[in-house]
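Reading through the structure tokens given below for one structure.
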Amino acid sequence: MTGHASSRSCSPQSLQRLVLLGSTGSIGTQTLEVLTRLGQTAPRVVALAAGGSRLELLARQAVAWEVPVLAVTGGGENLAGHLRQALSTAAAETGRPDPVTTILAGPDAATTAVEAAQLGSGDTVVNGITGSVGLLPTLTALRSGARLALANKESLVVGGALVRQSLTRPGQVVPVDSEHSAIAQALASGRHEKGLTSPVISGRSEVRRLVLTASGGPFRGRSRETLTGISAAAALNHPTWDMGPVVTINSSTLINKGLELIEAHLLFDVAPEQIDVVVHPQSIIHSMVEFTDGATIAQASPPDMRLPIALGLTWPERADLSGLVVPNDWREPVSWTFEPLDGEAFPAVDLARSAVAASATHPAVLNAANEQAVAAFLGGGLEWLDIVAIDAAVVGEHEGLSSPSLDDVLAVETWARTRADELIAARNGGTHS
């Protein structure tokens, strides 16, 4: 791993600060690769947050990037002691000092790290946390005034209205999900002065439709009748992307695309019925925007998350990623195909569309139920086909709230998780493994 040298440029850009949440996950590790490529123009990393399952990697990151604050949201007993030992080992291996002055531990550690950084409008928080636990750090980051490079789609799915209320200025959010980054890039070709990403809010828009592309996952083309007895190994074998287990399972059921539809609706203030999903197995077109004049603008690049991550750090400018991201090769024959989504085999997108239309809290219920169902499937306690069935059952029981507070959202989530667990246990004859 390559970090910054101790002597850094004193330009205004290099004095900007960065808090990286989910540093040991896929988004986090690739963010550090991008920062290495940015070199002296990169912001200074002032805090890292991780779940706690990869303490040695977290320690190596802290030493390499001279990070003073670490936050760990999980882990077992004597976590700080284990992390200190890992830091000592990493420092000895690299011949660098242990830079960590503060170790935060506990469920709220990531949020506390953002607060402790005392960020401003010139700083950035990258939220690469997986799951609804990313909501509170998102709200805290926005209230600080920092730019939010958002890869945690659950923040919006669970607390869209709360996210909107926490903005301190227009255009404060830069999406990092490849699909929403593609839409943000395509929107620059026309006028769309709405949503969380636009620096100008007038309500004017030339957008007719958003088109989210989906790889189709590992089971593309299969009928619902052939999707019985799916193993975790098969569902984790994604044909295009290298992602964490939860996101990969969500991609196999296409619930990830349903959550992305909800996210797109909230990010860009486009009605759910104006957002389509199309299957594009090559994963080169990452999403498209259809404008009112009939033009469709598409963003194309190889399936490499480092490109949207870099845009999250430098937006609206583009970084030189030569040698890091390999562009499309136009000298060789290539074919791109697009297929309609099979809603019968993969009903998750329609479920998400109905959830976001139902109430402000139905998406939070959908996400919470899905997290429980995915965990049960990965643990061997639920069939693959039952994941979305559990989601639909819990969503169907929810009555919905129109203007939820944070406490309301958290309570709704708790109810949804409990209810999902009950339904999972019922399918297992009363036991939930």
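The values are calculated or read from the model by the stated rules, or taken from the named source; none is laboratory data. All values reported here derive from a predicted model rather than from experimental measurement. Ideal geometry is used to build each Cβ from the backbone, glycine not excepted, and the neighbour counts take in all protein chains shown. With ligands, DNA and RNA removed, areas are computed over all heavy atoms of the protein, side chains included. Shrake-Rupley method; radii C 1.70, N 1.55, O 1.52, S 1.80 Å.
Numbers for the structure displayed
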{"quantity": "Tensor-based shape of the range 365-410 (alpha-carbon gyration tensor, a/c under 1.5 rounded, otherwise prolate or oblate)", "calculated": "oblate"}
{"quantity": "Cα gyration tensor category, rounded, prolate or oblate, for the range 338-433 with a/c compared to 1.5", "calculated": "oblate"}
{"quantity": "Debye equation applied to the C-alpha atoms of the range 166-224, log10 I(q)/I(0) at 0.12, 0.15, 0.22 Å⁻¹", "calculated": "-0.40, -0.55, -0.90"}
{"quantity": "Prolate/oblate/rounded call for the range 242-339, Cα gyration tensor, a/c under 1.5 rounded", "calculated": "rounded"}
{"quantity": "Cα-based equivalent ellipsoid of the range 207-285: semi-axis lengths in Å, sorted from largest, via gyration tensor", "calculated": "25, 13, 12"}
{"quantity": "Förster radius 35 Å - calculated FRET efficiency between residue 426 and residue 223, Cβ distance, rounded to 0.05", "calculated": "0.85"}
{"quantity": "Fraction of antiparallel bridges per DSSP, the chain only, in percent to nearest 5", "calculated": "30"}
{"quantity": "Note, ³J(HN,Hα) from phi for the range 262-274, Karplus 6.51, -1.76, 1.60, rounded to Hz, x at Gly and Pro", "calculated": "4, 4, 4, 4, 7, 5, 10, 6, 10, 4, x, 6, 9"}
{"quantity": "Cα-based convex hull, the chain, per residue volume (Å³, whole number)", "calculated": "149"}
{"quantity": "Scaled radius of gyration (Cα, divided by 2.2 N^0.38 Å) that the range 39-136 gives", "calculated": "1.06"}
{"quantity": "Solvent-accessible area per residue, Å², over the range 344-402 with all protein chains present [probe radius 1.4 Å]", "calculated": "33"}
{"quantity": "Trypsin sites (Lys or Arg not before Pro) within the range 140-216: DSSP coil, no more than 16 neighbouring Cβ in 10 Å", "calculated": "191, 204"}
{"quantity": "Ranked packing of 310-318, 351-359, 84-92, most packed first, by mean Cβ within 10 Å", "calculated": "351-359, 310-318, 84-92"}
{"quantity": "Residues of the range 47-104: accessible area per residue with a 1.4 Å probe, Å²", "calculated": "46"}
{"quantity": "Amide proton proximity set for residue 104, modelled H, under 5 Å, gap of 5+", "calculated": "70, 71, 72"}
{"quantity": "Within the accessible area of the chain (1.4 Å probe), percent carbon and sulfur", "calculated": "51"}
{"quantity": "Burial order of peptide ranges 397-410, 360-373, 106-119 (average beta-carbon count within 10 Å, highest first)", "calculated": "360-373, 106-119, 397-410"}
{"quantity": "Alpha-carbon spread of the range 271-315, three principal axes, descending order, Å", "calculated": "30, 26, 20"}
